[in-house]
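Have a look at the structure below, then the notes.
The values are calculated or read from the model by the stated rules, or taken from the named source; none is laboratory data. All figures in this text were calculated on a predicted structure; none of them were measured in a lab. Positions of Cβ are generated from backbone atoms using ideal geometry, with glycine treated the same way; all protein chains shown enter the neighbour counts.
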Amino acid sequence: MTEQREEELMALEAIFDPSDLEIRQDRCGGKIFIAVDLEEDRQIQVLDEHMQITVHHLPKLALVFTYVDGYPEEKMPEVQIECEWLENVLLREWEAALSDLWQKRQSFGEVVLFEWCQIMKEKSVAMLYAKEFSLSVSTAVLQRIRTYDRIIRGLRMRSCEICFDELLGATFESGSAECNHEFCPNCLKSHCEAKIENGQMTRVLCPSPSCGHPVDGATMKRLVEPKHFERFDQAMLQQVVRSV
Ligand SMILES: [Zn+2]
Ligand SMILES: [Zn+2]
């Protein structure tokens, strides 16, 4: 009986990345982190009572398990799903679904944790891909989701929408503070400088088609050549003076 559990733990150790698996020292339980992988073009709307953001990545779900006497022959492990961006009601429903799977398969006396992880993955992906799905969360959770998304996006290779070069996500620049469109610094620089050279200083917009948000001054200053920034800065100043 304990041999089967030990084999199960060793299989999990072989399958999961060490950062996704915390096995208790007594080897009677642990925690498995499950990434919810969305395709690059899939975005999730996340809102609190003040604002709405769009993200590509959500923090991992965690399956906390404790072995009990009689597992896997007669009993299932104690299980709890942890995820701060999902409602508790839903988490309890998913736990019930895991329990159902166990009930169905009990006669086989097989270990179940890996299959449970797969089910959680399927359920979360099915939910996140549902039409017009959005997440309502507290402000603190929204901030943590935003930070997580930025970190993960920064670590991955992505292709620039304009030149199609593959670059590390962290090197990308936002078109505007008000939108989530990002481009490689070279493309955004060329775009801004071309607009300035054409005298369209006050209409330097995010290059994403139909976006319409202006590229902000700080981004402009960081990217374009000083002589271009000077022209841009002058034009903005004149615009302010004229509007007074
Ligand atoms: Zn580019
Ligand atoms: Zn944009």
| Of all the residues that make up segment 115-137, how many are out of contact with any strand residue (DSSP E or B) (no Cβ under 8 Å at 6 or more places or on another chain), aliphatic (A, V, I, L, M) and assigned to a loop (DSSP other than H, G, I, E, B)? | 1
| remark: Checked segment 20-60 for anything of a type outside the set (D, E, K, R), farther than 22 Å from residue 138 by Cα and not in a strand (DSSP E or B); matches are 25, 28, 38
| request: Filter segment 158-175 for residues that are on the phi < 0 side of the Ramachandran plot, surrounded by fewer than 16 Cβ atoms within 10 Å (Cβ to Cβ) and more than 16 Å from ligand 2 (Cβ to nearest atom) and give the result. | output: 159, 163, 165, 166, 168, 170, 171
| field | Unique match (being touching a residue at least 40 places away in the same chain (Cβ under 8 Å) and in contact with a strand residue (DSSP E or B) (Cβ under 9 Å, 6 or more places away or on another chain)) among 85, 94 | value | 85
| task | Report, by residue number, each residue of segment 158-191 that is away from ligand 1 (no atom under 13 Å from the Cβ) and either hydroxyl-bearing (Ser, Thr, Tyr) or within 12 Å of the chain's Cα centre (by Cα) (or both). | result | 174, 176
| said: Residues that are aromatic (Phe, Trp, Tyr) and farther than 18 Å from residue 43 by Cβ, at least 1 per element: which helices (runs of 4 or more DSSP H) completely within segment 152-244 meet that? | reply: 226-243
| message | Please determine whether any residue of segment 77-88 is more than 18 Å from residue 145 (Cα to Cα) and part of a loop (DSSP other than H, G, I, E, B). | response | yes
| task | Six or more apart or on different chains, Cβ under 9 Å: which pairs go from a residue in segment 122-141 that's under 20 Å from residue 37 (Cβ atoms) to one that's among the polar types (S, T, N, Q) and surrounded by 10 or more Cβ atoms within 10 Å (Cβ to Cβ)? Could you list them? | result | 133/45; 134/45; 134/52; 135/45
| Where residue 111 falls short, out of the listed (1) in contact with a helix residue (DSSP H, G or I) (Cβ under 9 Å, 6 or more places away or on another chain); (2) part of a helix (DSSP H, G or I); (3) away from ligand 2 (no atom under 16 Å from the Cβ) | (2)
| query | Restricted to segment 142-162, and to residues that are free of Cβ contacts under 8 Å to residues at least 40 places away in the same chain and not charged (D, E, K, R), which residue is nearest to residue 53 (Cα to Cα)? | reply | 143
| remark: Pairs returned, first residue in segment 186-205 that is within 13 Å of residue 230 (Cα to Cα), second residue that is more than 13 Å from ligand 1 (Cβ to nearest atom) and charged (D, E, K, R), beta-carbon separation under 6 angstrom, 6 or more apart or interchain, are 196/231
| field | When residues of segment 101-157 are limited to those that are under 14 Å from the mean Cα position of the chain (by Cα) and basic (Lys, Arg), the one surrounded by the most Cβ atoms within 10 Å (Cβ to Cβ) | value | 153
| message | If I ask for residues that are modelled with pLDDT under 95 and within 19 Å of residue 15 (Cβ to Cβ), which ones from segment 72-97 would you list? | response | 72
| said: Need the failing condition index for residue 197 against (1) within 16 Å of ligand 2 (Cβ to nearest atom); (2) over 25 Å from the mean Cα position of the chain (by Cα); (3) not aromatic (Phe, Trp, Tyr), just the number. | reply: (1)
